Amino acid sequence: MVVGINRLYLFFNNKYIITLGYLYTVVMTGFIMSVMLSNNMSSATYIVFTNTVIIEFALLSFNSMVLYKKTFKKFVEKMEMFDTILNIKNHPQLVSFTFLHLLLYIFIFAILLILDLLYIQNFENFIGDRLVNYAYLVMYYAFICHDTEIIFFCVLLTMILRRVKIIKGHVGKLFLRKKKSSNQLEGLSYNANLDVSHLHNAYDLLHTCSEKLNSAMNFPFVKYLVAYTIVYCTKFTILFIMPCYFSNITTTQVATMRTMLHDAINTKTLGKYERRQLKAFFQLTQDSEFAYALWGVIKMDMSLPLSYCSLCVTYLIIVVQFSRFID
């Protein structure tokens, strides 16, 4: 909200608060664009940065308020339905925004801001123009909104991850007759006694949430893939690996759950109807994986950063080889 990425509709139903938030976002976006466009610096670097930031900042603001508004609302609704079914609604371990979380977000925001300010200070010594420096400060304020957007999606990814762990706890309780897990999240499976049919519905509901999240992440992450090759390589690498890591952990949790189901099918003495239900649930976990793919093409897991670096290195070598003929 502070940097113009407005999603107050997820927290408030009051139309006046939401309208005021939208008004603030429009004013902030317009102010940043006017300051950057009114500066008359002729540096080619500044012109490129200005055009890039203005377009991306405007698109991110429009994307948050208009394009995926219904998608995020559906995501929240499905998540609340899931929590109700598993009797974990408003549980302290699943609250994604507490005072400690607020301090953590402020700390991360402060680090990003300090890094940007240090870069501006270094550039200030180089150009020696205060008016230009203020324009750069505004420009890097707009850049922060990109970083906070990725942090926001990381929070949503951890929400999915926590609930997958709870489902894994239910699988262990139902089919392996395991004692209460030492893992606090898996221990929440004892808050409700679900049969296979209800567990099947809960898994399907959570998978729907992941699909909604996947569709909402397309534009911001594809934008980041483009920006990755241009600026902030080190910082973007860290920010990009974080959601890939959470996505990979989620997939690992589902794979472990599938192994537990497989062991239960092969080792436990089950009735005909129960075995059929167990096989159906096993098939569901195979057909509906928590695999995030940007626009259905780019698979987002820990192999993505390595594959991307490998691709860049490969084409860099090709360009270097062709440069001999150019020279």
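The values are calculated or read from the model by the stated rules, or taken from the named source; none is laboratory data. If you're wondering where the values come from, they're calculated on a predicted model, not measured in any experiment. Here the Cβ positions follow ideal geometry from the backbone for every residue, glycine too, while neighbour counts run over all protein chains shown.
Select from region 272-303 the residues that are part of a helix (DSSP H, G or I) and of a type in the set (A, V, I, L, M, F, W, C) and list them in ascending order.
Within region 272-303, 278, 280, 281, 282, 284 meet the criteria.
Within region 299-311, take every residue that is loosely packed, with under 13 Cβ neighbours inside 10 Å and touching a helix residue (DSSP H, G or I) at 6+ places or on another chain (Cβ under 9 Å) and give me the one that is nearest to residue 214 (Cα to Cα).
By that ranking, first place goes to 303.
Among (1) buried (at least 17 other Cβ atoms within 10 Å of the Cβ); (2) closer than 30 Å to residue 61 by Cα, which single condition is residue 155 missing?
(1)
Is one or more of the residues making up region 260-271 among the polar types (S, T, N, Q), assigned to a loop (DSSP other than H, G, I, E, B) and free of Cβ contacts under 8 Å to residues at least 60 places away in the same chain?
There is at least one residue in region 260-271 that is among the polar types (S, T, N, Q), assigned to a loop (DSSP other than H, G, I, E, B) and free of Cβ contacts under 8 Å to residues at least 60 places away in the same chain.
What are the residues in region 250-276 that are closer than 15 Å to residue 172 by Cα, crowded, with 16+ Cβ neighbours inside 10 Å and of a type in the set (S, T, N, Q), if any?
The one that is closer than 15 Å to residue 172 by Cα, crowded, with 16+ Cβ neighbours inside 10 Å and of a type in the set (S, T, N, Q): 253.
Could you list, in sequence order, all residues of region 197-218 that are modelled with pLDDT under 85 and of a type in the set (A, V, I, L, M)?
Within region 197-218, 216, 217 meet the criteria.
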